[in-house]
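The values are calculated or read from the model by the stated rules, or taken from the named source; none is laboratory data. Bear in mind that the values here come from a model prediction, so they are computed numbers and not experimental data. Here the Cβ is made from the backbone with ideal geometry for all residues, glycine too, and neighbour counts use every protein chain on show.
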Amino acid sequence: MSRPLISRKPGRVALPPTFLFLAGVFVAAWVLVSLFGRGQFLSAANITNIFIRSVALGIVALGQSFTILGGSIDLSVAHLISVTAVMSSFIMQGDSANIARAVAVVVAIGLGVGLLNGLIITKLRVNALIATLGTGLFMQGLLSTSFQNFAGAVAPEFEVFAYGTWGPVPIPVVVLLIVAAIGMLVMHRTRFGAHLYAVGGNSEVARLSGLRTDRVLIGAHIIASLSAVLTGLFIAARLGAGAPWVGQDGVYDLESIAAVVVGGTALAGGRGGVLGTLAGVLIFSIMDAMFNQLGTGAFLKQVFRGFIIIAAVASYSFRSKEEVS
Amino acid sequence: MNDAHPTTAQEPTRGAAGRRWWEVLRRLPPIFVVLLAICVWISFLNPRFATVPGIMSFLMRAAPAAILAAGQLFVIVSGGFDLSVGSLITLVVLGSSMLIGGDPANTWWVIAVMFLIGMAVGVFNGAVTSWLRVPSFITTLGMLVTLKGFALLWTGGAPRGFLPNNFRVFGRNRVTGIPGLEEVPYAVIILLVVAVAAGYLLHRTGWGKQLIALGDNPRAARLSGVPTARVRIGAFIASSTSAVIAGILLGGFSGVSTNVGDGQELSAISATVLGGAKLLGGRGTMAGAIAGALTLQALFTLLNLLGWPKPLRDGLQGLIIIGAVAYTAWRERRS
């Protein structure tokens with residue numbers, strides 16, 4: 001790839017090429033549904049539906065973008081989502097008086113997990129894949145030992161997060177867009193964001209140039225964990241309670257990584273951005289909506305989803321001359 | 001000291017057989033010491049473990065994971081990942097029960113078809129990674145999703161049919177009448193054959209050396225004439241083939257289920273790392289990878305004996321792999 005995916009001019013963010021892929025998928029879905037499907041593809045209800053489908057995966061994938069951009073990865077997010085969903089509904093017990101306490105506790109857990117992941121990776125020099133796999137297994141172990149089923153309930157007021165609307169726009173979609181906007185600000189307009197690109201591009205060079213690479217990576221992991229916490233809160237609000245399997249059932253670890261790389265962020269780090277990730281998530285949601293309207297089953301959808309992941313990445317990697325493995 | 005025997009017997013890289021045992025022990029990577037310690041602890045809690053039948057049933061249960069780790073190591077030393085093996089196992093188990101359709105006469109050609117599917121998956125993974133330059137983490141992640149979807153599509157999402165006895169024999173039966181050992185599970189014989197063959201391929205052939213060179217420095221390997229695409233495709237075929245074998249054993253051992261392969265890919269990668277392999281390539285030994293898989297299984301056996309519930313056992317596994325890798329990293333920095 002000779003062309004940079006994101007223009008580094010301050011304040012100007014070019015649309016990543018994934019949006020071409022997104023447009024292609026959108027048109028293909030529109031045509032296929034119009035020809036063979038039932039219902040309208042281009043209806044307001046359907047477009048809203050596509051966005052709502054994107055919220056849970058979208059928020060955690062936006063956070064995952066930071067770790068991958070920094071050349072790291074976080075496999076613990078799915079387990080952290082389960083921990084958050086269970087702990088928040090367990091602490092709330094259906095009482096709105098407990099909302100603040102529940103949110104404070106899970107945010108603290110998220111901060112702790114992100115910090116721990118970052119420290120294990122940077123200070124103990126454990127490969128990020130192994131480190132976050134380990135912390136994920138550990139969290140899940142503690143959670144599944146303590147809870148076997150849906151625990152507690154979220155407060156009715158809290159369900160607004162999942163079901164409320166703001167004018168015609170659902171609140172979860174507003175939240176997703178706000179998170180994306182914050183993500184873009186942090187990544188493209190702050191010193192931390194610029195440092196993250198540098199660390200992901202070449203950690204050794206960044207370190208020798210005087211960057212505190214460890215701190216940057218720890219920051220990226222804290223962001224990923226906090227985004228997982230937010231997804232966990234959303235899922236708890238949507239389901240009314242959290243169960244210890246909600247994160248793994250959604251395969252949020254691998255799916256968030258897939259969305260990030262489909263969005264054009266290089267797995268090796270240093271190239272990409274949050275806007276591409278949003279496109280990656282929308283690609284998945286559009287395909288889900290399309291397959292639903294075409295009436296194909298969940299499993300055929302899964303077969304295609306795997307190929308789409310490969311095809312999307314191949315579409316901008318195949319011209320590269322670098323060896324990858 | 002009976003416990004150490006199975007691992008050292010699979011050790012194809014060590015020198016003369018007559019070497020004194022303590023000298024061998026001193027040179028062993030730490031994983032063997034850990035494995036030995038856990039096995040001694042288990043025998044202390046359950047003396048039957050330290051008998052020949054006890055070791056045989058342990059190895060039988062560990063065989064699929066150990067074979068999978070052996071296959072995964074080829075991809076790991078080349079610098080890649082193969083995340084598709086878990087789904088491939090599920091596909092092998094579900095697909096076999098569908099194709100056999102209850103008629104034992106179909107078993108043989110179905111097993112042949114499964115190996116062909118495995119080879120096709122390996123070629124696909126390797127070719128897409130080599131020629132389309134998609135990182136193998138993504139290629140095989142895509143295949144993980146696709147193969148699982150395909151397996152579930154085939155059976156309609158629920159386990160259907162059953163596997164006949166002549167298929168399940170490999171995973172759960174034993175060969176009797178072997179002098180000195182009485183009976184040996186098929187799975188243990190298969191594990192032994194796979195371990196020796198894999199050890200030979202990785203450590204004694206030019207392909208194995210090229211694979212390690214490729215993982216160590218892909219650019220240097222290519223410039224010095226390593227046919228990188230062919231070498232890498234070979235690694236993915238080895239990994240997929242090991243998944244097919246593991247699938248046949250698991251199908252035999254525990255029957256048809258839709259989640260038989262879930263998470264196996266991460267366990268296999270953990271096992272290779274515990275055995276001293278370096279993620280992103282360049283280093284790893286077959287004996288270590290297999291010992292890593294046996295250690296994880298032994299650890300589960302031990303915690304089970306100690307009465308730990310399954311979720312806590314999984315949790316401790318997480319701590320152990322972090323600790324092992326942190327220890328290796330620390331030792332490396334010190335030297």
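Scanning segment B:123-164 for residues that are facing chain A (nearest Cβ under 7 Å) and touching a Lys or Arg at 6+ places or on another chain (Cβ under 6 Å) yields one hit, B:V145.
If I filter segment A:115-136 for residues that are more than 12 Å from chain B (Cβ to nearest Cβ) and at pLDDT 95 or above, do I get at least one hit?
Yes, there is a match, as at least one residue in segment A:115-136 is more than 12 Å from chain B (Cβ to nearest Cβ) and at pLDDT 95 or above.
On inspection, A:L124 qualifies as outside any helix (DSSP H, G or I), in contact with a helix residue (DSSP H, G or I) (Cβ under 6 Å, 6 or more places away or on another chain) and closer than 23 Å to A:I222 by Cβ.
Within segment B:215-222, one or more residues are under 20 Å from the mean Cα position of the chain (by Cα) and closer than 30 Å to B:G79 by Cα.
When segment B:305-332 is examined, which residues are found to be of a type in the set (V, I, T) and facing chain A (nearest Cβ under 7 Å)? Quick ask: steps written out before the conclusion?
Our first condition is that a residue be of a type in the set (V, I, T); within segment B:305-332, this holds for B:320-322, B:325, B:328.
Within segment B:305-332, B:I321, B:I322, B:V325 qualify.
Of the residues making up segment A:233-251, those that are under 23 Å from A:G164 (Cα atoms) and hydrophobic (A, V, I, L, M, F, W, C) are A:L233, A:F234, A:I235, A:A236, A:A237, A:L239, A:A241, A:A243, A:V246.
Among the residues in segment B:104-119, are any within 14 Å of chain A (Cβ to nearest Cβ), under 23 Å from the mean Cα position of the chain (by Cα) and crowded, with 24+ Cβ neighbours inside 10 Å?
Taking segment B:104-119 and keeping what is within 14 Å of chain A (Cβ to nearest Cβ), we get none.
No, because not a single residue in segment B:104-119 is within 14 Å of chain A (Cβ to nearest Cβ), under 23 Å from the mean Cα position of the chain (by Cα) and crowded, with 24+ Cβ neighbours inside 10 Å.
Of all residues in segment B:260-272, those being in contact with a Gly (Cβ under 7 Å, 6 or more places away or on another chain) and closer than 22 Å to B:V33 by Cβ number 2.
Quick one: is A:I235 closer than 25 Å to A:A23 by Cα and modelled with pLDDT of 85 or more? Considered against the rule, which asks whether it is closer than 25 Å to A:A23 by Cα and modelled with pLDDT of 85 or more, A:I235 comes out as no. The number of residues in segment A:11-35 that are of a type outside the set (D, E, K, R) and modelled with pLDDT under 80 comes to 6. For B:V128, the conditions (1) without any contact (Cβ under 8 Å) to a residue 24 or more places away in the chain; (2) within 22 Å of the chain's Cα centre (by Cα); (3) buried (at least 22 other Cβ atoms within 10 Å of the Cβ) all hold with the exception of (2).
Of the residues A:L300, A:L267, A:L254, only one is touching a Pro at 6+ places or on another chain (Cβ under 6 Å) and either within 11 Å of chain B (Cβ to nearest Cβ) or under 30 Å from A:A100 (Cβ atoms) (or both); which? Lay out the reasoning, then the answer.
On the way: A:L300 fails: touching a Pro at 6+ places or on another chain (Cβ under 6 Å); A:L254 fails: touching a Pro at 6+ places or on another chain (Cβ under 6 Å).
Answer to the check: A:L267.
Candidates A:G58, A:G94, A:G71: the one that is of a type in the set (G, A, S) and at pLDDT 95 or above is A:G58.
For segment A:140-153: of the residues being surrounded by 23 or more Cβ atoms within 10 Å (Cβ to Cβ) and either at pLDDT below 90 or out of contact with any Gly (no Cβ under 6 Å at 6 or more places or on another chain) (or both), which is farthest from B:Y327 (Cα to Cα)? Can you show your working first?
As a first pass, look at segment A:140-153 and keep what is surrounded by 23 or more Cβ atoms within 10 Å (Cβ to Cβ): A:140-141, A:143.
Now drop any that are not either at pLDDT below 90 or out of contact with any Gly (no Cβ under 6 Å at 6 or more places or on another chain) (or both), which leaves A:140, A:143.
Details: A:Q140: 23, A:L143: 27 Å.
Restricting to residues being surrounded by 23 or more Cβ atoms within 10 Å (Cβ to Cβ) and either at pLDDT below 90 or out of contact with any Gly (no Cβ under 6 Å at 6 or more places or on another chain) (or both), the top hit is A:L143.
The residue of segment B:229-258 that is nearest to the other protein chains (Cβ to nearest Cβ), among those that are buried (at least 20 other Cβ atoms within 10 Å of the Cβ) and farther than 19 Å from B:V110 by Cα, is B:R232. Being within 12 Å of chain A (Cβ to nearest Cβ) and part of a loop (DSSP other than H, G, I, E, B) is the filter here; which residues of segment B:203-226 pass it? Result: B:N217, B:V226. The residue pairs whose first member lies in segment A:314-325 and is at the interface with chain B (Cβ under 7 Å from one of its Cβ atoms) and farther than 16 Å from A:V261 by Cβ, whose second member is of a type in the set (V, I, T) and in a helix (DSSP H, G or I), and whose beta carbons are closer than 7 Å, counting only pairs six or more residues apart or on different chains, are A:E323/B:T228.
From the set of residues in segment A:238-268 that are modelled with pLDDT under 90, more than 14 Å from A:G58 (Cα to Cα) and surrounded by fewer than 24 Cβ atoms within 10 Å (Cβ to Cβ), which is farthest from the chain's Cα centre (by Cα)? Taking the candidates together, the pick is A:A268. The single residue among A:G200, A:G232, A:G183 that is farther than 30 Å from A:P244 by Cβ, among the small types (G, A, S), surrounded by 22 or more Cβ atoms within 10 Å (Cβ to Cβ) and touching a residue at least 60 places away in the same chain (Cβ under 8 Å) turns out to be A:G200. For segment A:287-314, the set of residues classified as in a loop (DSSP other than H, G, I, E, B) and either touching a helix residue (DSSP H, G or I) at 6+ places or on another chain (Cβ under 8 Å) or surrounded by 24 or more Cβ atoms within 10 Å (Cβ to Cβ) (or both) consists of A:G297 only. Just a yes or no: is a residue in segment B:38-53 away from chain A (no Cβ under 14 Å), at pLDDT below 95 and under 25 Å from B:L279 (Cβ atoms)? Within segment B:38-53, one or more residues are away from chain A (no Cβ under 14 Å), at pLDDT below 95 and under 25 Å from B:L279 (Cβ atoms).
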